[in-house]
Amino acid sequence: MLWTAAGAVGLGFLIALEIIARRCAGVPGPLTEQAREVVFAPKPGPLYAGLALMMVVLTWRQRFIAAGVAIGIDVVLVLVRWAVGAKMTDGHTFGNGALWVMLGWAVIAVTRRTGRERVLLLKGVGLGLLLVTGRKTGDTWLLITSRTRPTVFDPYVATADHALGNPSWLAGRALEASGPITGHVLGLVYAQLAVAAVVVALYQLRDVGVERRFPRHHLVRTFLVIGLVGPAIYMIFPVVGPVFAYGPGASGTGGVQWAVANLWPNTPPPLHPLHPVPYDDITPRNCMPSLHTAWATAIFLHSRKGPRLLRYAGAFWLTATLGATLGFGYHYGTDLVAGVVFALTVEVALRSFDRGWDRAGMRLVAYGTAVFTVLLLSYRYVPMEMAEHPWVFGPLLILAMISVIHGYLRTTRLWDPTVAPGRLPEPQPELRPVP
């Protein structure tokens, strides 16, 4: 019943988003975009990543068959498109086969499976399709923010960022001085965040095919909830980022003609009276909070119980993502602070829901929500005071974030107590029979 209710709510949300996208932005929504990829060339997206997640419920023999069928379907479709001269999407031609296989397993689950096996297979298919549909949902959300929020709050956030020393300006100059190799590495990490999430998720779900059940909590759930809730905050607090609001923008979007001033990354913005500024209807208002930071934080948290290599990879991905978000001018430092608090609050809320709400979980969720709300209010209503007293508000921002981190560590240690090794019995003197 729980999974049925969750599925109904999710379907209702997608239908509502489809209607909003058509009415507000005049474009197809996620359901239409997903349906057309059954036949037409797909946009770049995690189709095969979704298939990989779905295959955690299969046996190894079934996995090889599923992968082979998906690749075979893609090869046939590519040849057909090449023969008829069909138009490709951004040069991306593969992916339909993975979607066909996932839909095929859904049909098999309904028609050929019963009981727990049917439920398990449908959960696997749902997990894979959620990852794929989540990408479409996110793209639709971003388009809605650009069409429905004509003004942005970048001057407020940039002013508040003075309290942290304008880290995006510092990171931007450092990235320029470091040479092209560093930029390429950080760009790859930033663009392939979903791939890192799938790797960690596959490790967490590696035993599902044998145990025939999913673990109580895993990364995919946190990843999807962050992507679902975060864009709603974009609508409340629209921000485009320093490279767009104070720099040259990026090719095809933004630009100096919409910027407040062409200052990034060489000259921090001056302090002056604040007001929302108009911006174009193309650039997403997707900065506050930094969801890349939130997702990278979730990857880091979920990699902590893995082997050493996975833990190192999670730490590297978090560090490189923070460097990329600042160095490329996509985010302000204040966005990153809010993103960390947001991710930890979502993670604790999901874990509390799984294990049953207790006082520690409710207290931390309430505290994280309060800290996040205070951060947004301070960025919006007292940024000038923050900029004028950086030695007061800068440490306060960092301490607020650290307090949520400390609360998370303390609470999760209560939930996951370490088992102390048992004491060995003391040696006893040997009793010998009296002669």
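Worth pointing out:
- Which numbered condition Arg359 fails, given (1) of a type outside the set (Gly, Ala, Ser); (2) more than 22 Å from the chain's Cα centre (by Cα); (3) crowded, with 21+ Cβ neighbours inside 10 Å: (3)
- Selection within the stretch 259-296 - over 19 Å from Pro150 (Cα atoms) and in contact with an Asp or Glu (Cβ under 8 Å, 6 or more places away or on another chain): Pro265, Leu271, Ser290, Thr293
- Residue satisfying condition, being among the aliphatic types (A, V, I, L, M) and more than 23 Å from the chain's Cα centre (by Cα), within set Leu175, Leu193: Leu175
- Residue in the stretch 135-151 that is among the small types (Gly, Ala, Ser) and modelled with pLDDT of 90 or more present: no
- Pairs with Cβ under 6 Å, 6+ apart, first in the stretch 399-413 and without any contact (Cβ under 8 Å) to a residue 24 or more places away in the chain, second open to solvent by less than 80 Å² (accessible area, probe 1.4 Å) and assigned to a helix (DSSP H, G or I): none
- Any hit, the stretch 306-314, residues being of a type outside the set (Val, Ile, Thr), open to solvent by 40 Å² or more (accessible area, probe 1.4 Å) and either within 12 Å of the chain's Cα centre (by Cα) or closer than 18 Å to Ala245 by Cβ (or both): no
- Within the stretch 19-51, considering residues that are open to solvent by less than 30 Å² (accessible area, probe 1.4 Å) and either of a type in the set (A, V, I, L, M, F, W, C) or over 22 Å from Leu127 (Cβ atoms) (or both), the one modelled with the highest pLDDT: Leu51
- Any hit, the stretch 138-153, residues being more than 30 Å from Pro238 (Cα to Cα) and touching a residue at least 40 places away in the same chain (Cβ under 8 Å): no
- The set of residues from the stretch 315-348 being buried (at least 19 other Cβ atoms within 10 Å of the Cβ) and without any contact (Cβ under 8 Å) to a residue 24 or more places away in the chain comprises just one member, Leu318.
- Test: Thr293 is polar (S, T, N, Q), surrounded by 19 or more Cβ atoms within 10 Å (Cβ to Cβ) and not in a loop (DSSP other than H, G, I, E, B): yes
- Qualifying positions in the stretch 57-79 - among the hydrophobic types (A, V, I, L, M, F, W, C) and open to solvent by 10 Å² or more (accessible area, probe 1.4 Å): Trp60, Phe64, Ile65, Ala67, Val69, Ile71, Ile73, Val75, Val76, Leu77, Val78, Leu79
- Residue list for the stretch 341-372, restricted to those being of a type in the set (Asp, Glu) and part of a helix (DSSP H, G or I): Glu347, Asp354
- Residue list for the stretch 147-176, restricted to those being among the polar types (S, T, N, Q) and either surrounded by fewer than 20 Cβ atoms within 10 Å (Cβ to Cβ) or farther than 26 Å from Phe300 by Cα (or both): Thr148, Thr151, Thr159
- Counting only residues that are among the polar types (S, T, N, Q) and open to solvent by 60 Å² or more (accessible area, probe 1.4 Å), the stretch 192-208 holds 1 of them.
- Failed item, numbered, when Glu211 is tested on (1) open to solvent by 50 Å² or more (accessible area, probe 1.4 Å); (2) without any contact (Cβ under 8 Å) to a residue 60 or more places away in the chain; (3) farther than 30 Å from Val57 by Cα: (3)
- Considered as a group, the residues in the stretch 36-62 that are over 22 Å from Thr93 (Cα atoms) and without any contact (Cβ under 8 Å) to a residue 40 or more places away in the chain include one that is farthest from the chain's Cα centre (by Cα), and that residue is Arg61.
- Selection status of Pro265, more than 17 Å from the chain's Cα centre (by Cα), within 25 Å of Phe153 (Cα to Cα) and open to solvent by 10 Å² or more (accessible area, probe 1.4 Å): no
So that you can scan it fast, the table gives a plain yes or no per residue for (1) out of contact with any Lys or Arg (no Cβ under 9 Å at 6 or more places or on another chain); (2) of a type in the set (Val, Ile, Thr); (3) open to solvent by 50 Å² or more (accessible area, probe 1.4 Å):
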{"residue": "Thr145", "(1), (2), (3)": "no, yes, no"}
{"residue": "Ser178", "(1), (2), (3)": "yes, no, yes"}
{"residue": "Tyr190", "(1), (2), (3)": "yes, no, no"}
{"residue": "Phe223", "(1), (2), (3)": "yes, no, no"}
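The values are calculated or read from the model by the stated rules, or taken from the named source; none is laboratory data. All values reported here derive from a predicted model rather than from experimental measurement. Heads up, the Cβs are rebuilt from the backbone with ideal geometry, glycines too, and the neighbour counts pull from every protein chain shown. Just the protein is used for accessible areas: all its heavy atoms, side chains included, with ligands, DNA and RNA removed. Shrake-Rupley method; radii C 1.70, N 1.55, O 1.52, S 1.80 Å.
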